[in-house]
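See structure below.
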Amino acid sequence: MSNTDYQVFEDIIQEMMMVYRHDNRPWLIGYSGGKDSTLLVSLVFQAVSRIPENERNKKVYVITSDTMVENPIVKKYMHESSKKISEASKKQNLNIQTEIIYPDIHQTFWARVIGLGYPTPEPPGFRWCTERLKIKPMNKFVEDCIKTNGEIIILLGVRKAESAARSRSITEKEIAGYLLNPHNNINNAYVYNPLTEIENSLVWEYLLKDDGISPWGTNMKQLFSLYQGEDLSEEQSVLGEIDEKKYPLQGTRALDAGAVH
């Protein structure tokens, strides 16, 4: 990666530091363990670490949603990464707190399918699972956080380069001249999208630098091996291999972005 390419990420880190220092509203990051949310948390780690310890007054929540029907390999990776992020934050006094959230027991996949006879979800038809297993638990956490703090800022790892549809969606929600946009559906929540201009190829180049070791000590080569194709978006990529040795894995599981709706 050239120095020019590195400058793109340096600019984001500097911008994050400015936004961080602007107020005390907590940050909330939906962390799926996929490449885009990993890049986002990595840059936040670096931004906060450059701020003097006595100025790290903003709480940063890194939230992982366990739907309880995750592929075991993905589930293990998500939980281990969340634990490592928490440990590194405490060691460096970054004030970054990780949380793993779960759906309400009555909304779980098996309670609905076996207990109430719901049909199993099949895209593009009856897709009830995402809202009940992921979106509602995340929204509850967001609402509780707002009750405690008044307002929050949600950081998303969305990028225009993911797809034409994603580019249009981001552009439509942008307010010219503003870094923070009001959330469409949640009062007192604002959205910060620092990665929108990052190209697909740069994501992996950045994550795999320094021999692929993340700021919290995990090996990004393992994450890289979970993706069959670099050019696919985080929602489209399919789990095909389980580690850097390229062991094949039977079956597939999409790595969803940690989105808040």
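The values are calculated or read from the model by the stated rules, or taken from the named source; none is laboratory data. Note that the structure is predicted; figures quoted are calculated from it, not measured. Virtual Cβ from ideal backbone geometry, glycine too; neighbours counted across all protein chains shown. Ligands, DNA and RNA are stripped out before the accessible areas are found, and what is left, the full protein with its side chains, is counted by its heavy atoms. Shrake-Rupley method; radii C 1.70, N 1.55, O 1.52, S 1.80 Å.
Summary table below
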item: 211, 66, 144, 23, ranked by accessible area, largest first (probe 1.4 Å); result: 211, 144, 23, 66
item: Packing-based order for 186-196, 92-102, using average beta carbon neighbours within 10 Å, highest first; result: 186-196, 92-102
item: FRET efficiency estimate (nearest 0.05) - Cβ-Cβ, residue 181 to residue 221, R0 35 angstrom; result: 0.50
item: Loop-resident sites, the stretch 55-96, for GluC sites (Glu not before Pro), counting at most 11 other Cβ within 10 Å (DSSP); result: none
